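Step one of this worksheet: look at the structure below.
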Amino acid sequence: MTDYLQTAGADLPALARPARLLHRLLMRPINPGARAYHHPPPPRSLAARLPYPCILLLCLAITTPSRAAIVLEEITVTAEKRAEDVQDVGLSISAFGEDAMQRGGLDDVSRIELLVPGVNFAYTGNDAKFNVRGANSTNTFNDNGSIVGAYVDGVYKPRASQQSRAFFDVERIEFLKGPQGTLYGRNTFAGALNLHTNRPDLDGIAGRIEVGYERFNTTQFEGFVNLPVNDQLAVRLAGFVENGDGFVKNSAGPDVGAPDDQGVRLSVLYQPSDELEALLRYTRIRESGTSAGLFGYRNICRRTRADGITDPLGSVIDCQNPQNGSNGLPRGDTGPWDVAQDYVPPVDLDDDNITLEINWDAGPVLVKSITSYTDFKNLIGFDFDYSQTPFNVGGFDETAESFTQELQFTSDYDSPFQWTSGAYYSQDKTFFSFTIFNQTQENNTRPMVTGPDGMMFTLQNGTPIVSAATSLNGAFADSQWIEIDTFGLYLQGEFSVLENLRLIGGARYNYEKKKLTGGGSNFTANGPVTTLFSNGDSPLVVPAFSRDVFAYNRSATGANSVSPSFNNVSWKAGLEYDLPDYDALIYFTASTGFLSGAVNNNGTFTDEQESQLYEIGLKSTLLDGSMRFNISAHYTEYTNLLAQFQVLNVETGNVITNSRNGGEIDAWGIELDTIYNPTENMTLTASAAYLNAEFGTFGQTNPYQLFGGDTDSFINVEGETPGWSPEFTVTLSAAYEVALGGDNGTLTPYVQFYYSDGYNTSNLLAIDPSHEQSSFTKTDLRLIWRSPSQRYSLEGFVENIEDEAVLSRGNNGSDDNVQTGYLYPRNFGVRFAASWD
């Protein structure tokens, strides 16, 4: 295969030269999972891991000439707040319509990493964790925002746990990579996700139902009906229901990760004239079921020294459960999707949103107004001892009441200068609380050993409980109410210097004020939290949730309060050049973004985080319109990045996490994305990303007792690779539509292959071997039958054929417990859909 690539590469025409680049990337030696403090495995090329058919398909996609031009469908996006062909936008964008989403199995946010080069995804329970081009979402709890701003129909979702909602009746998804500080502003530090739902249609009655059955006894229903009332008014009602048993087997209670979710969206379109329309949407999403953890649903093995003192660089692999009251069991070396936990509380999530969008064609200017109100709550409980022992119960509560208003103006006249401007305002009223208590009494006598310099250390081993009799104790809860007012003014313009040369520039003024009240815990003197029991109480009914044993008073005399404000100007500059005689665009852009500072409940706060991007790219349409080939090179500086620092609460033995500015990251890379229709029936795609990300001056906390035998709690990771930053990823796919003849419709087999280098998943220490994910592959197969009229379809699929256990976000808790979760295991199922119009 290598000889073939080398021979073919020497004779390729100019338009197929990208194959040589891919050949070099495929044959490049890689060290999957190698990091500092490890002995790296022997270098292997990516081609050694890719199945032969995948390499062959990739070569065919780039080198096979088109004998009959099969023009690719144009993809219209609104990434720059005006409708444009995605190939005409000088920006790294991945966009997917309904057909592409079906082929890629993109029915929730977790599978975006399989389709968007340079992006990967992790989750904790129902909390979204985007990681883009070296930047990652570490702790998104409390007043910490995601590095990616998520927008549903133009409305920003402030909480990370809102970003994985609303994936039903979707028209298209757009993922914008790099800071989007000018047109989007708020917390689009490393990118933006735009999800657009389907609008009501005035043209006629239409509808669709889809039912599915998947592994873990999961059933799904989704559907919509579109009803025109008259030629000016139309209504669309969409909804979904999902139920299942859970993908994590629990030997001591209900299975974990079981969905019990419902959602409905009512959209009303009023269009009194061609120049004016109003679109009202109401969306309600309700989720219960069982959560896949708060800081991960299970514990895994950790490292210690020979004397039992925890040390991430220790030589001993310790797989016991070290949590208080766990008896040291179950062990951390059981299967990735197996736990033994007596306490599995239900998810309690509600998301209600109402949005009014008004569009007015005012002649030379298009005017858009988006007004929204959201009421959101996400209450998560968890078994903090991670065991079948009835001991430690915990939880995290977050609520957010949000109002947003955006007013946007876009030029719509014949001129070399085109522009978009607007104003944005939002107000968020949030509440956060982490709670925990013991329902039984433990025997916390632990042995002591002598460590370096004669210091005494407690062995962090799992302790037993005295008895199963109820004895409430060990209560801890914190609280913080934060009101956030955000204001922005923006202008971005494009000036055509020549017919094929355009200059782009823009700026945005951002102001954000945060007001913390009621900050503190039940250990804060005269603070906002009061415990509702005395140590040793034994009620007949043990509280079902940890929140039930506390009372809150945001006006308490000892509560912490602070009112920091943040303001800056984010900007963008660039140029676009259309290559003469070619359907191709070369672009260069420089842009900045920011992520507001975080407020801790002790009254401290951080500086805002900033990013600055430089990117050059080529977007081309080749072979008579049958191929799109896009490639870009990027360099980003991230400064003032947040790090999570842990402090031991001596009264409870629990670890308290606060946010601080940790330092900087530099990241550069190359991303490639191509799609090719060599024949009318075949579609081939390939995407790849090379990333070189490195910490600059950056400090992280050591969540263990020692680090390499030293007692340092602060670790300088300068020069190391940030978490969730694989050096190389690649996705390949192929679909071929087979006509069955007569009235039998078509049958389309579809294969998708994904490869990722190794990376670290630690939320706290990016060089922690316990959180190291080695390189892996995932392969999906789909077989889709469609009727001749396209009204009926039947799909069978298998996802993650390899059954790869891929680590999600990792954390370290009290007792030096290594907590984590795994992404979804192998999944398979069938779906049937019927539509009418």
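The values are calculated or read from the model by the stated rules, or taken from the named source; none is laboratory data. The shown structure was predicted, so the numbers you read here are calculated from the model rather than taken from an experiment. Heads up, the Cβs are rebuilt from the backbone with ideal geometry, glycines too, and the neighbour counts pull from every protein chain shown. Ligands, DNA and RNA are stripped out before the accessible areas are found, and what is left, the full protein with its side chains, is counted by its heavy atoms. Shrake-Rupley method; radii C 1.70, N 1.55, O 1.52, S 1.80 Å.
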Exercise for review: Any chance you could run the full-extension gain for residue 286 through residue 537? It's 0.36 nm times the residue separation minus the Cα-Cα distance, nm to one decimal.
Suggested key: 86.9 nm
Check your understanding: Shape call for the range 523-632 from the C-alpha gyration tensor, a ≥ b ≥ c root eigenvalues: rounded (a/c under 1.5), prolate (a/b greater than b/c) or oblate?
Key -> oblate
Revision key, fill the gap. The number of Lys pairs in the chain whose alpha carbons lie under 16 Å apart, excluding pairs fewer than 8 residues apart on one chain, is 13
Check your understanding: Hey, what did the range 254-332 get for relative contact order, percent, Cα under 8 Å, at least 6 apart?
Key -> 22 percent
Check your understanding: Given H placed 1.01 Å from N in the peptide plane, which residues other than close sequence neighbours of residue 329 have an amide H under 5 Å from its amide H?
Key -> 321
Study note, to complete from the structure: Applying the span-like rule to the chain (DSSP H, Cα extent along axis at least 15 Å, Kyte-Doolittle mean at least 1.6) gives 52-63
Review point. Roughly speaking, what is the stretch gain from residue 739 to residue 453, that is 0.36 nm per residue apart minus the C-alpha to C-alpha distance, in nm to one decimal?
Key: 95.3 nm
Review point. Over the heavy atoms of residue 267, what accessible area does a 1.4 Å probe trace out, to the nearest 10 Å²?
Key: 0 Å²
Study note, to complete from the structure: Sorted on mean Cβ neighbours within 10 Å (highest first), peptides 530-541, 508-519 come out as 508-519, 530-541
Review point. Share of the chain's accessible area from carbon and sulfur, percent, 1.4 Å?
Key: 55 percent
**Study point:** Förster radius 35 Å - calculated FRET efficiency between residue 445 and residue 530, Cβ distance, rounded to 0.05
**Key:** 0.70
Review point. Suppose R0 equals 22 Å; then what is the FRET efficiency for residue 791 and residue 74 from their Cβ-Cβ distance, rounded to the nearest 0.05?
Key: 0.35
Check your understanding: What relative contact order, as a whole-number percentage, does the chain give when Cα pairs under 8 Å and 6 or more residues apart are counted?
Key -> 13 percent
**Study point:** Inter-probe distance in nm under a simple model that places probes 7 Å from Cα toward Cβ, at residue 83 and residue 201
**Key:** 1.5 nm
Review point. By how many nm would the segment from residue 783 to residue 557 lengthen if fully extended, with 0.36 nm per residue of separation less the alpha-carbon distance?
Key: 74.9 nm
Practice item. Scan (i) 0.88; (ii) 0.95; (iii) 1.41 for the value of Cα Rg over 2.2 N^0.38 Å calculated from this model and give just the label. Key: (ii)
Revision key, fill the gap. Per residue, accessible area of the chain with a 1.4 Å probe, heavy atoms of protein chains only, in Å², comes to 38 Å²
Practice item. Starting from the Cα gyration tensor of the range 739-786, take the square roots of the eigenvalues, sort them a ≥ b ≥ c, and report rounded, prolate or oblate (rounded when a/c is under 1.5, otherwise prolate if a/b is larger than b/c, else oblate). Key: prolate
Exercise for review: Give me the distance in nm between label points sitting 7 Å out from Cα along the Cα-to-Cβ direction at residue 264 and residue 401, one decimal.
Suggested key: 2.4 nm
Point to revise | Point-to-point label distance, residue 826-residue 680, nm (Cα→Cβ direction, 7 Å offset) | key: 3.8 nm
Review point. How large is the helix-only mean residue ellipticity at 222 nm for the chain, computed as the sum of -39500 (n - 2.57) over DSSP H runs with n ≥ 4, divided by its residue count, in deg cm²/dmol to the nearest 500?
Key: -1500 deg cm²/dmol
Exercise for review: Kindly identify the range 243-374 as rounded, prolate or oblate by the Cα gyration tensor criterion: order the square roots of the eigenvalues as a ≥ b ≥ c, call it rounded if a/c is under 1.5, otherwise compare a/b with b/c, prolate if a/b is larger, else oblate.
Suggested key: prolate
